[in-house]
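All of the numbers you see were taken from the coordinates with simple rules; none came from a lab. None of the values given here were measured: they were computed from a predicted structure. Cβ placement follows ideal geometry from the backbone for every residue including glycine, while neighbour counts extend to all protein chains displayed.
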Amino acid sequence: MDQPVRSRANFPGEEGHRHAWRELARAIAARRETVGEHPTAPAPERVGELNIIGSGIETVGFMLGDEELLRAADKVFFCVADPATIVWLKRIRPDAYDLYVLYDDSKPRYVTYMQMAESMLHFVREGKRVVCVFYGHPGVFVLSTHRAIMIARREGHRAVMRPAVSALDCLCADLGVDPCHPGMQTHEATDMLVRQRKPDTSLHVVLWQVGLIGEMGFRRQGYINRNFSMLVDYLQAAYGADYPITHYVASRYPTIAPLVEQYRLADLHDPAVQIRITGLSTFYLAPRDAVTADYAMVEQLGLLKPGQRLKVPEGALREIGHYDVREMKAFDDFARFDVPADYQWQAETGAADFLIELRQDIELQHRYASDPVAALQDSRFDALSPSERKLLASRDAGGIQVAAKGIQRQAGSNQPLLLMLLRDRAACTDLVRRGKAGHAGMRDWLARYAARHEVSFDHARLRVDLANLRRHVLLPWTGVYAARERQLSIAIFANSHGNGGQLYVNGAPVRAFGYRRGVLEWRAGGGNRCNGFLRFDIGAAGRRIIGQIWDATDPRPAMQFFEAPEVDPDRKHLAAYVNRFRDGAAAGELDGHYRLTVSGPGARRQLDLQLEGGVVSLGGRELRLPHEEAGRLTWSDDEAELDEGELTFLCNPFSGLAEFHGRVGQRGAAPAACYGARTGTQVRPADPPQTVLPPWLFEHLTAMYARQAAVAPPFLWQKWEKLHLTNRVVNNLAAHSPGAKAA
């Protein structure tokens, strides 16, 4: 004969539990006149805390840290079906209240659910920490938990529901169901019948509480389920009598298989089958009907290539077990596989150590919530770096992620090098030549370049650091973009220091724009005629903008995102036009009035420059012995305000006016850079260059130049052309960093 198991010394007794419930019930009843819906009620004198957690489906299926939460609570309630979990819970908290006492065969379940909510709230209203455990996921098919959370928050208390494993999670795992493909529909079975909800036969369909159709009460001995055949008839009307249905009950105990039984719908009318359906039963119906994609929507989303036809699905579910051509490509890729350069290895970090402790230390959680700086002073976290402390103290999820991953210690190791290369056309041109001969020597070249400019270089992180740079700095996106079908142009000329610069939409300037985390945004007003929200992307075809631009008087469109690929600056035609003075300017072609600007720290100044029939005047004084040849002007004059100068003249392709850049010498000072442009009202070339740029885009660029010429440096085409080249070179470098696939 089996001997009874001796209870542990601290295991609770039944009579003590009954007594505790009697006292609690009277206390809750006495509160009747003080509760209600008071949206303007004053804040509570003592703020309570409600944490609702789930025990999962299998025995003791709690989440990491839940045990500490239970131990630290002032009061604990539970509503759990698994006896082993109840025993485990009572050993930890002998004083826990079992909410199952509130079920009664003579009581409507709705009343029970209201009592469960009030039981949880009672001690919260006294300012205590309350933890309540529910079977499975505490928010799936549970009314009382959601009600308690809502009321607690409404009354000014802290209330949190923590996720756990639900029966649906188990069903997806045991039956091999992916809710995403083709989609999933779930119904409470009685509600589906009452409201005549139609099951979608093209989706996975899950039906809950099929063992108590139309039952509003509770039966400890199980439900008779006399209305079950009504559910079967309803399903047969949708699927047919012979369609298969799966009867499922998740496993509650380790090593014990779940109950998975498949029947025809017609078989469910058999009393011998019906008796197997219980209050724990769930039904699953696989998708029956394949749905063809909508051609117009697929085309609108850009998912069809020109001339491509929609593939008609062969069945409602995709076939995932084939070894066909597409599947065998995985083996081909493995043959040349290497870990990608942008894969981020997770090293140990002090911030990660802090988060692991935080997950399991309830007191630390409270300190971190109320005073994060003080919580981080705990001696356990002495190894935290200043940047980790700052990010963790921010309590910003993104900042915490950065700290835990250690990105703040790594990001930007190549950033100065990348910015330097983006600004260095000569270096990138050299790299293009080297790239044509192969990539073997490029790493050594980069190392020497970085050493010469005294910046760091980490070849393995080039791709990652470039991605971070693009996300936070606008310079890598400098260029011209066009949505040709809308005749929409966007021109970006970022400065070399950060996210400022110039922005034009259809040739009109945009003011007060901001670039943050990969998004370029501005608002109408202050001179802006429109709003804009632009995101950037880069792929094999180059850079592109995806976004929205809408008028000041219009609401933001819900859809209508446009795509604007980058535009090639047409070097073939425009470079020759820009440099046409090098072949020798026609007599008098450069004659005219110019504004010369000397740039540089502490040296900025402007002077008038006049060229007329071989005579050159600077600042109103004629220069001695100037020399003009092949688009270059030089002089050396000890008496001039700028005693030396060397200027190179270029032709602006959008205005036809001459521009120049060069260096000038000033007495007692180092040579300084200078630039300038011919003054005048001409806004388009008298002899416009040949170009493959669309006429409407050329008009936008011409308007852009006319607007900016008086307030900004010239050479917009040259900046566009330069950044177009340097970006392609830098992107190619990153694509050929270790582990990256060839571009």
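So what's the back-of-envelope 222 nm ellipticity for the chain, counting only DSSP H runs of four-plus at -39500 (n - 2.57) apiece and dividing by all residues, rounded to 500?
Result for the chain, helices only: -9500 deg cm²/dmol.
For region 14-165, what ratio Rg/Rh do Cα atoms give with a Kirkwood hydrodynamic radius?
Here Rg/Rh amounts to 0.94.
Is region 56-127 rounded, prolate or oblate when judged by the Cα gyration tensor, a ≥ b ≥ c being the square roots of its eigenvalues, rounded requiring a/c under 1.5 and prolate requiring a/b larger than b/c?
Since a/c reaches 1.5 but b/c is at least a/b, the shape of region 56-127 is classed as oblate.
Rounded to two decimal places and with Rh computed the Kirkwood way over Cα pairs, what is Rg over Rh for region 479-570?
Over the Cα atoms of region 479-570, Rg/Rh equals 0.94.
Short version: ³J(HN,Hα) in whole Hz for each residue of region 231-238, in order, from phi by Karplus 6.51 cos²θ - 1.76 cosθ + 1.60 (θ = phi - 60°), x for Gly and Pro, what are they?
5, 4, 4, 5, 5, 5, 5, 8
Can you work out the Karplus-derived ³J(HN,Hα) for every residue in region 59-72? Use 6.51 cos²θ - 1.76 cosθ + 1.60 with θ = phi - 60°, whole Hz, and x for glycine or proline.
In residue order, the calculated couplings are 3, 6, x, 6, 8, 4, x, 5, 4, 5, 4, 5, 5, 7 Hz.
What distance in nm separates the simple spin-label points at ASP608 and GLU641, each placed 7 Å from Cα in the Cβ direction?
If labels sit at ASP608 and GLU641, their model points lie 1.0 nm apart.
Using alpha carbons only, how many degrees (0 to 90, rounded to 10) separate the axis of helix 716-735 from the longest principal axis of the chain?
That helix lies at roughly 50 degrees to the long axis.
Just report the Cα centroid separation between region 9-74 and region 324-391, whole Å.
The distance from the Cα centre of region 9-74 to that of region 324-391 comes to 34 Å.
I want to verify the translational diffusion coefficient of region 350-405 in µm²/s; compute it with Stokes-Einstein, Rh as the Kirkwood radius over Cα pairs, at 25 °C and 0.890 mPa s.
226
In whole Å, how far is the Cα centre of region 569-640 from that of region 242-289?
When both Cα centres are located, 88 Å separates them.
Using only the alpha-carbon atoms, how far is helix 462-472 inclined from the longest principal axis of the chain? Give it as 0 to 90 degrees, nearest 10.
90
Viscosity 0.692 mPa s, temperature 37 °C: Stokes-Einstein D of region 168-285 from its Kirkwood Cα radius, in µm² per second?
It diffuses with D of about 223 µm²/s by this estimate.
Which of the peptides 293-300, 328-335, 658-665 is most tightly packed, and how do the rest follow, going by the mean number of other Cβ atoms within 10 Å of each residue?
658-665, 293-300, 328-335
Among the lysines, which fall within straight-line cross-link reach of LYS719, defined as a Cα-Cα distance under 23 Å, with same-chain neighbours fewer than 8 residues apart omitted?
LYS572
When you take every Cα atom in region 575-689, what is the radius of gyration, and what is Dmax, the widest Cα pair distance, in Å?
Cα-based Rg and Dmax for region 575-689 come out at 13.9, 43 Å.
Consider all pairwise Cα distances in the chain and report the whole-number % of them above 37 Å.
Roughly 63 percent, rounded to a whole number.
Name the long-range amide H neighbours of CYS79: under 5 Å, sequence gap of 5 or more, or other chain; modelled H, no Pro or chain starts.
For CYS79, whose amide H was placed from the backbone, the distant partners under 5 Å are LEU99, VAL133, PHE134, TYR135.
For the chain, give the magnitude of the charge dipole about the Cα centre (Cβ charges: +1 Lys/Arg, -1 Asp/Glu; no others), in debye to the nearest 20.
Once rounded to the nearest 20, the dipole reads 600 debye.
Could you name the lysines in cross-link range of LYS390, using Cα to Cα under 26 Å and dropping any fewer than eight places away on the same chain?
Cross-link targets: LYS405.
Stick to Cα atoms and the Kirkwood definition of Rh, then tell me Rg/Rh for region 230-321.
1.16
Measuring from centroid to centroid over Cα atoms, what is the spacing of region 110-142 and region 538-554 in Å?
49
What share of the DSSP beta bridges in the chain is antiparallel, in percent to the nearest 5?
If we restrict to bridges inside the chain, about 80 percent are antiparallel.
Pulled fully out, how much extra length does the chain show between TRP445 and ASP324, if you take 0.36 nm times their separation in residues and subtract their Cα-Cα distance?
Separation in residues times 0.36 nm, less the Cα-Cα distance, equals 39.1 nm.
So what are region 387-535's ellipsoid semi-axes, whole angstrom, largest first, if each one is the square root of 5 times an eigenvalue of the alpha-carbon gyration tensor?
31, 25, 12
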